[in-house]
Amino acid sequence: MAAQNPDISNAASTMHSMYQNNYVYDECWQREEENRVRRSLVLEGEREGERRGESKGEDHFAALAQKLIADNLLDELTRATSDKAYRQELYKRYGL
């Protein structure tokens with residue numbers, strides 16, 4: 001009967017197209033949601049890495065500070081807080 005009545009045929013074709021468009025939309029939405037979750041996990045991992053790096057850096061500098069204080073080298077400690085190249089030199093000197 002659909003083949004005989006063009007209105008019914010057009011309606012069926014339109015409904016089929018709408019179904020396909022809805023299916024494509026749902027797939028796109030699902031992929032976008034998965035991408036949002038991935039981005040969120042990546043950002044969370046980056047933040048955790050930054051926290052760990054900061055903590056390691058603080059521990060590293062604290063170890064240097066303790067050695068310089070033990071050696072009564074307070075001027076060197078003061079300089080190490082602002083001079084990165086000198087701080088790196090001190091890390092090597094103290095085997096840190």
Output the number of the condition that Thr14 fails; it satisfies all remaining conditions of (1) assigned to a loop (DSSP other than H, G, I, E, B); (2) over 32 Å from the mean Cα position of the chain (by Cα); (3) surrounded by 10 or more Cβ atoms within 10 Å (Cβ to Cβ).
(1)
Of Glu27, Glu44, which residue is surrounded by 10 or more Cβ atoms within 10 Å (Cβ to Cβ) and at pLDDT 90 or above?
Glu44
Only one residue in Asn5, Asn72 is among the polar types (S, T, N, Q) and surrounded by 10 or more Cβ atoms within 10 Å (Cβ to Cβ), so which one is that?
Asn5
Any residue at all in the range 39-48 that's within 30 Å of the chain's Cα centre (by Cα), in a helix (DSSP H, G or I) and among the polar types (S, T, N, Q)?
yes
Specify which of the listed residues (Ala85, Ala63) is in a helix (DSSP H, G or I), modelled with pLDDT of 90 or more and either touching a Pro at 6+ places or on another chain (Cβ under 9 Å) or loosely packed, with under 10 Cβ neighbours inside 10 Å (or both).
Ala85
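The values are calculated or read from the model by the stated rules, or taken from the named source; none is laboratory data. Because the structure is a prediction, the values reported are computed rather than measured. Positions of Cβ are backbone-derived with ideal geometry, glycine not excepted, and every protein chain shown enters the neighbour counts.
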